[in-house]
Amino acid sequence: MKFINPCLLAVTAVLFVNCSAKKGVTSLKDVYKKDFYIGTALSADQIEEKDAKVDSLIKKEFNAITAENIMKSMYTHPQKDKYDFALSDKFVAYGEKNKMFIHGHTLIWHSQLAPWMEKIEDSTDMKAFMRDHITTIVSKYKGRINSWDVVNEALNDDGTLRQSIFFKTLGEKYLVDAFKLAEKADPKVDLYYNDYNIEEPAKRAGAIALIKKIKAAGGKVDGVGIQGHWRLQSPSIEEIEKSILEYSALGIKVAFTELDITVLPNPWDLKGADVNQKFEGSAKMNPYPEKLPDSVQTQLVERYASIFKLFLKHKDKISRVTFWGVYDGQSWLNDWPIKGRTNYPLPFDKDLKHKQAYDSILKLKKTKE
Ligand code: 9MR
């Protein structure tokens, strides 16, 4: 038997341990640790840790969480005098246990309201609703939730204010009121205005005007959430960059709060995330039910790489980048705007395996270091 130098053995063992440790830490959150939070949106099952494999993927890859649905008003405030915090308590506890940045989604949104809220007709009742709703929820998680979407989707695509139930009963003042109430309930928590398509010029101008108005009237706005429900070809990197610069010039943080990229046909040229837009399906509209063709996979890889390259260029202005869902199989884009399609919008596939898009996002950092 040949003599094996024990020193060499020891060095090899140390190297092996080091390499595997390094291999173990290769994750989105670790690689982007010094740049911005990397977040994901959690379903109720994920908050309750029902699937161990999904759970370990979440803990490995992400350091920020948003509840995809359970903190919307129909769930947290089902009746006028009744709140239900069972799941949101679990959500916050999950984030604390895993030392994650915890984002609250959302306080004032026209969609997913409880039926009793839809019946509010006058300004007195709406004012009372807003005061009670915002104060109760924000105070409950004071010091535990790190940032809130105070108002979600208040704008139309042309930049004018949406005729929501809040607007109809209170006029545009509801926007300032919402931010003031949230600040009063937790003066330290970061407060965001969140919307889709606000990287498009007309809606962006509307969002900038709105944020300026809220601030001028004494509301505290700490950041803007650009949702980022995007397509392979649009919006352009130039428009996204202009948005980062223009929002940041207002003295606020920029977060990308609901990032995903649809790869499916969209003959109606729909943009954004208006959940009321629904259409009939057909085989033509669902072209990749089994597998994403390599040519489209490559486009997705390039798209994610160019988006993250831009994010890195402006990392000093960006607080968080959150994907809207953990993996392709659970994405809302399998059911919008047509139900039951197979979409591929996220960095992890339906079997939880990381995709080439994931590698391209990681590679941007590795080549730099
Ligand atoms: O992903 C959410 C989906 O499960 C819900 O059915 C839908 C209902 O409104 O809301 C989705 O999330 C939306 C988010 O809360 C606000 N921006 C648009 C998102 C996609 O529709």
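Every number in this text was worked out from the coordinates using simple rules, so none of it is lab data. Since this is a predicted model, take the numbers as computed values, not measurements. Every residue, glycine as well, gets a Cβ built from its backbone with ideal geometry; the counts of neighbours run over all protein chains shown.
General remarks:
- Net length available on complete extension from Asp125 to Asp51 is 22.4 nm, with 0.36 nm assigned per residue and the Cα-Cα distance removed.
- Under 11 Å, Cβ to Cβ, from Thr76 - net charge with Lys/Arg +1 and Asp/Glu -1: +1
- When only the Cβ of Lys, Arg, Asp and Glu is charged (+1, +1, -1, -1), the dipole of region 285-358 relative to its Cα centre reaches about 320 debye.
- FRET E, pair Lys184, Lys317, Förster distance 25 Å, beta-carbon r, rounded to 0.05: 0.35
- Rounded to the nearest 0.05, the FRET efficiency derived from the C-beta distance between Lys242 and Lys173 at R0 = 25 Å is 0.25.
- For the chain, the longest principal axis of the alpha carbon atoms and the long axis of helix 173-185 meet at an angle near 60°.
- Overall form of region 77-140: prolate. Here a/c, set by the Cα gyration tensor axes a ≥ b ≥ c, is 1.5 or more, and a/b is the larger of a/b and b/c.
- Cβ charges +1 (Lys, Arg) and -1 (Asp, Glu), total dipole of region 38-113, debye: 120 debye
- Relative to the Cα centre, the charge distribution of region 116-196, modelled as +1 at Lys and Arg Cβ and -1 at Asp and Glu Cβ, gives a dipole magnitude of about 480 debye.
- Total formal charge among the other residues, if their Cβ is under 12 angstrom from that of Ile120, Lys/Arg +1 and Asp/Glu -1: -1
- Of Lys339/Lys363; Lys72/Lys313; Lys271/Lys350, pairs whose Cα-Cα distance is over 26 Å: Lys339/Lys363; Lys72/Lys313
- Axis angle, to the nearest 10 degrees, between helix 201-216 and the longest C-alpha principal axis of the chain: 70 degrees.
- Think of the chain as having a plus end and a minus end, set by charges on the Cβ of Lys, Arg, Asp and Glu; of Ser43, Ala255, Trp268, Ala255 sits farthest toward the positive end of this dipole.
- Bridge type composition, the chain - antiparallel percent by DSSP, nearest 5: 10 percent
- Helix 86-97 axis versus longest C-alpha principal axis of the chain: approximately 40°, rounded to the nearest ten.
- Between Leu232 and Lys212, residue separation times 0.36 nm minus the direct Cα-Cα distance comes to 4.1 nm.
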